[in-house]
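For reference, the structure is listed below as structure tokens.
The values are calculated or read from the model by the stated rules, or taken from the named source; none is laboratory data. No experiment lies behind these values; they were computed from the predicted model shown. Here the Cβ positions follow ideal geometry from the backbone for every residue, glycine too, while neighbour counts run over all protein chains shown.
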Amino acid sequence: MPRKKKQELSFVEKMKRLNDATVNRNASPNRNIENIEEIKDINERIKEILGLLVNVKKGNNMLFFVMYDIESDKVRKLVVKYLERKGCTRIQKSIFIANADTLTYNEIKEDLAEVQSAYDNSDSIIVLPISTDYLKMMKIIGKNINIDIITHSRNTLFF
């Protein structure tokens, strides 16, 4: 007799099962950074942010940040995979930016709230809508970053 095909679990259900499997609740806040996936070069991240700005659609789409401080490596990895599947772009180790419709924004917000309440923790997750104007006013301080690229404030004439 053929086996029944397993139904894929939702993100929230996966997190609840992870909690039931006794996620290490006493994870050190000084977590091991060596295991974190390699983050793209700053110039690649800037190009992705610019792509989001150029492709902002009118209507139901909105720009928003998702920022988190999650102690558990397992929970953090699952949240990262979830956000990437939802179309969010990682711009720092614990910060994502997204250009999504209101429905997706609300779904991400609700799913992350359920995950947060699913287990005993002192983690924090922030979902912050942001206007294109504010994003263009953002200042990035760091090495080899040309903020004019992001804000489109430099006008150059070539002869």
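Scan the stretch 2-20 and give yes if some residue there is part of a loop (DSSP other than H, G, I, E, B), at pLDDT 75 or above, basic (Lys, Arg) and farther than 26 Å from Pro129 by Cα, otherwise no.
The answer is yes; a qualifying residue exists.
For the structure I just gave you, tell me whether Ile70 is crowded, with 20+ Cβ neighbours inside 10 Å, under 11 Å from the mean Cα position of the chain (by Cα) and touching a residue at least 24 places away in the same chain (Cβ under 8 Å).
no
State yes or no: is Ser153 surrounded by fewer than 17 Cβ atoms within 10 Å (Cβ to Cβ), modelled with pLDDT of 80 or more and of a type in the set (Gly, Ala, Ser)?
So Ser153 fails the test.
Take the stretch 95-136 and flag every residue that is touching a residue at least 60 places away in the same chain (Cβ under 8 Å), part of a strand (DSSP E or B) and in contact with a helix residue (DSSP H, G or I) (Cβ under 6 Å, 6 or more places away or on another chain).
Val127
Filtering the stretch 40-74 down to residues that are at pLDDT 85 or above and part of a loop (DSSP other than H, G, I, E, B), which residue is nearest to Ser131 (Cα to Cα)?
Ile70
Can you pull out every residue in the stretch 75-90 that is more than 8 Å from the chain's Cα centre (by Cα), surrounded by 15 or more Cβ atoms within 10 Å (Cβ to Cβ) and either part of a strand (DSSP E or B) or basic (Lys, Arg) (or both)?
Correct list: Arg76, Lys86.
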